[in-house]
1. To the nearest 10 degrees, how steeply does helix 243-254 sit against the main Cα axis of the chain, on a 0 to 90 scale?
2. Could you work out what % of the accessible surface of the chain is carbon and sulfur, using a 1.4 angstrom probe and leaving DNA, RNA and ligands out of the count?
3. Quick one: Debye curve from the C-alpha atoms of segment 55-142, no solvent, what's log10 I(q)/I(0) at q = 0.10, 0.12, 0.25 Å⁻¹?
4. Could you check what % of the DSSP bridge pairs in segment 386-521 are antiparallel, to the nearest 5?
5. Out of every Cα pair in segment 172-326, what percent are spaced more than 23 Å from each other?
6. Only Lys, Arg, Asp and Glu count, each charged at its Cβ (+1, +1, -1, -1), so figure out the dipole size of segment 326-392 about its Cα centre, rounded to 20 debye.
7. Angle check, please: helix 454-468 long axis (alpha carbons) against the longest principal axis of the chain (alpha carbons), in degrees 0 to 90, nearest 10.
8. P(r) for the chain: what percent of alpha-carbon pairs falls in each 10 Å bin, starting at zero?
Amino acid sequence: MIRKARAPRAEKAEKTATLPRPVLMAPADPALGGPVLARLEVRNLATIRELALDFGEGLSVFTGETGAGKSIIVDALGLLLGSRANTDLIRTGENDLLVTGFWNEAELEGRAGDESSASRRLAVQGRGVARLDGEVVSVRELQEWAQTRLTIHWQHSAVGLLGPANQRALLDRGLPEQTAAYTHAYREWQEARARLERLRTGERERARQLDLLTFQSREIAEVAPLPGEEEPLQADLNRLANLETIAQSAAGALTLISDGEENALGFLGEAVRALNASARYDEVSAALQQELRVALDSLQAVSGELRAVAEDGAADPEELARVEGRLGALGKLRTKYGPTLADVLEFQAGVEGELAALTRDEQDAGTLDADVDALFAELGRVGAKLDTARRGRATPLAAELLAVIRELGMPHARLEFRLSALPEPALYGPSDVTIQFTANPGEDLAPLSDVASGGELSRVMLAISTVLGADTPAVVFDEVDAGIGGGAALAVAEQLHRLARSRQVMVVTHLAQIAARADHHFKVEKAVEEGRTVSRVRPLSPDERLEEIARMLGGNTSEAALGHARELMAGQDVKPSNRLVKPSNRLKV
């Protein structure tokens, strides 16, 4: 269910008014398949005093001089993804920082105008608050929510490809049925094998445990406690222990009611007789006389019951012993197995469950060996099917990735997924999966983790994102284009542009070739205000964008550089995206 976003509270910042409300984007392109980031608001993060950015779909780039703080935007988004917060991120002299993101949710529910928000506050004291649509949540809940909407490829996050689990996951992404069947078979085999091992190594312990559990079960069963039976038993014990006092009290009351020289029954009888004469002539007197007769009958009945109590002044020894014994047995059980009888009964149920399991183990010991062998054979059959499916997927997937990687400036690259049989099946399969790679002609294939440079890893990561698609509707790349240029830069720009057709893509880049393909171009700048460094991020107009690309190409905005920039932009056929959300003129930095 999508919760309606709440407007953030007005909070006074240094020399600024309240942040403006976000400009809602148009409904998301159906190709995006999910919500996209519409707006980001940042306050007191590093050198940012206050910032509000509106985003559009397609490809957005962030450029600027070295040291301008281009990656601060990525740091802000990382906080919404639940990354570890460091108080060093708080702007010097401020008490806290706040990052808020707004997502257009129309795609999810089909209701234009719906949006959700996420925010993360960090205080100098180290106490932080995470919110979803204004409601306080844990950082883990914020992380789980944001990870369905946003993925960040940090500058060095491509090293995650070096892990065998991640390489295997790339291959298994298209094999959900085979991997699920294998995992189920593996767990059944492991459970049976562990049970057999338990039987073989724990016979003496199992016998000791059986004796103890049998004794405990029998001890409780012999008493057969019932929940709540102690209260009435305790009442009976109190009565039996005080029968003499009870009889004496009853005898005293009996004397006053009927056995004394002057007693209540006698007075009531005289009162009834006194009304005989008037009752003949007066209805009220007759009614009162009748009420006295009823009272007399009741008092006579009470007198009879009191006489029985008064004559029963000696306790039955057998009954007293029975009640005392029952209470003692129940108390012993409570002392050993629980503070209440309900706890005792719960303990008994657990004991009987353990006994059943141990007994079943003993009964199954003779056949469990055969069961383990059968389950292992089934695991081998399912594992062979998984390996066959992996090999069938490996060749076309490697070819797709390789086609993109070669476009990214590595024309001689080779790549393949290699399966290596394990000595014993593992949870993830009967074989290891590794990506074998080489970027240079004449070199043998070797594990990606051994031969790929940082720049090569970044391009392989970009190829994977393009071929397999990102797992979230918005993807952020933080300078994954480091170490490339020339024709490779053009190829990287094309791949990012291609990915942006189905995803909202944001890139922090130093390459003019990528900036030229952008739908939206933001520039990060540093300035000094009142003796303090301030980072600003602003959307560029077409003319400003041309100048920025010229600067990125030649370090200046000479006519030659501007001409080169025009050629680059014209050559890439850059056109405004029809999904563009015009940046708010209320932008504050």
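The values are calculated or read from the model by the stated rules, or taken from the named source; none is laboratory data. This is a predicted model, so every value here is computed, not measured. Positions of Cβ are generated from backbone atoms using ideal geometry, with glycine treated the same way; all protein chains shown enter the neighbour counts. Accessible surface is based on the protein model in full, side chains and every heavy atom, while ligands, DNA and RNA are left aside. Shrake-Rupley method; radii C 1.70, N 1.55, O 1.52, S 1.80 Å.
1. The angle comes out at about 60 degrees.
2. Of all accessible area on the chain, carbon and sulfur atoms account for 52 percent.
3. -0.32, -0.46, -1.26
4. Taking every DSSP beta bridge with both residues in segment 386-521, the antiparallel ones total about 70 percent.
5. On the way: 8526 of 11935 pairs.
In whole percent, the share of Cα-Cα pairs in segment 172-326 beyond 23 Å is 71.
6. Values: 9 positive and 12 negative charges, 75 e Å.
Once rounded to the nearest 20, the dipole reads 360 debye.
7. It works out to around 70 degrees.
8. 3, 12, 15, 14, 11, 9, 8, 7, 6, 6, 5, 3, 1, 0
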